[in-house]
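Only one structure is covered here, and it is reproduced in the block below.
Readers should treat all values here as calculations from the given coordinates under stated rules, not as data from a laboratory. All figures in this text were calculated on a predicted structure; none of them were measured in a lab. With ideal geometry, Cβ positions are generated from the backbone for all residues, glycine too; neighbour counts draw on all protein chains shown.
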């Protein structure tokens, strides 16, 4: 029987779905709350060869991934993928370098450079995001220079070091929604629209999920983006623009519990199937 | 089924058999987010779930 180590912190509905899907496939899931572990290479005993990293804390998840890889465990997603996807700036760099359509962006470290960057990418309104973060937290749509100065000063005074690196992205006018595609092993298995009257469409912020047909264009750009960041189990936030689809961000520990019902696809099942495939190919 | 109580409002909470340690749930009465801190047989201890931190997410 294949055993998959599930590296976690708190267990969300998503992890419960993965556990249920594994049971249906007669796969043993070993739950490992990494907050309870001593990650010492010299003493750690491990009875599985494949681990699925599902920590809600990105920092803890990355350390766990590095540790388990160092003792020879195949971790999904691997540390190469997570190092790219955890950081919005690094993701954008990789996508642009791989010629995957993505909104224009720049990184700056002070207000003067921010003004120059905003001119370069098309002016106001613009979007400022923390490079590390999720669920639409601390995103700012900045409409003018007064707001820019106020936001950057607040971040500078109140923020952690991550908040003092200003990732600036061209504001994309969306049709009241964006797309979240679920891409496993390079294949777009399903997608949802996230509808919201607010410019932030994350379901964590109230965006409503409905099924989005997987078109050839969506499938192609998702595959290209997946290849660029190293593949595995990913979800992508996609903008519909006049110039076609653009990849906004990529998630490497994707949440999906609200997407199985509208799409009719067992995303948890495909995740477990992918883990089985990886385990059998070791 | 596992019966336990909300540590905040003391409401009785019934957990299903497939509950896991570290699982996040909501109290049906006061709606606070709770985490299953300990689970042994039919005994479970709940604690207030940790607050969202800067690096949490997908």
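Tabulated results
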quantity: Tally, over the range A:76-110, of residues that are in contact (Cβ under 8 Å) with a residue 24 or more places away in the chain and either part of a helix (DSSP H, G or I) or under 30 Å from residue A:157 (Cα atoms) (or both); calculated: 23
quantity: Residues of the range B:13-28 satisfying the condition of being within 13 Å of chain A (Cβ to nearest Cβ), surrounded by 14 or more Cβ atoms within 10 Å (Cβ to Cβ) and in a loop (DSSP other than H, G, I, E, B); calculated: B:19, B:20, B:21, B:22
quantity: Every residue from the range A:29-51 that is within 14 Å of chain B (Cβ to nearest Cβ) and either surrounded by 13 or more Cβ atoms within 10 Å (Cβ to Cβ) or assigned to a loop (DSSP other than H, G, I, E, B) (or both); calculated: A:29, A:30, A:31, A:32, A:33, A:34, A:35, A:37
quantity: Qualifying positions in the range A:208-266 - under 24 Å from residue A:17 (Cα atoms), in a loop (DSSP other than H, G, I, E, B) and either within 14 Å of chain B (Cβ to nearest Cβ) or under 16 Å from the mean Cα position of the chain (by Cα) (or both); calculated: A:231, A:232, A:252, A:253, A:254, A:255, A:256, A:257, A:258, A:259
quantity: Search result, residues across the range A:130-168 that are away from every other protein chain (no Cβ under 11 Å), under 16 Å from residue A:198 (Cα atoms) and touching a residue at least 40 places away in the same chain (Cβ under 8 Å); calculated: A:139, A:141
quantity: Members of the range B:29-58 that are part of a loop (DSSP other than H, G, I, E, B) and surrounded by 12 or more Cβ atoms within 10 Å (Cβ to Cβ); calculated: B:29, B:30, B:32, B:49, B:50, B:52, B:53, B:54, B:55, B:57, B:58
quantity: Condition met for residue B:10 (touching a helix residue (DSSP H, G or I) at 6+ places or on another chain (Cβ under 8 Å) and either at the interface with another protein chain (Cβ under 10 Å from one of its Cβ atoms) or over 30 Å from residue A:88 (Cα atoms) (or both)); calculated: no
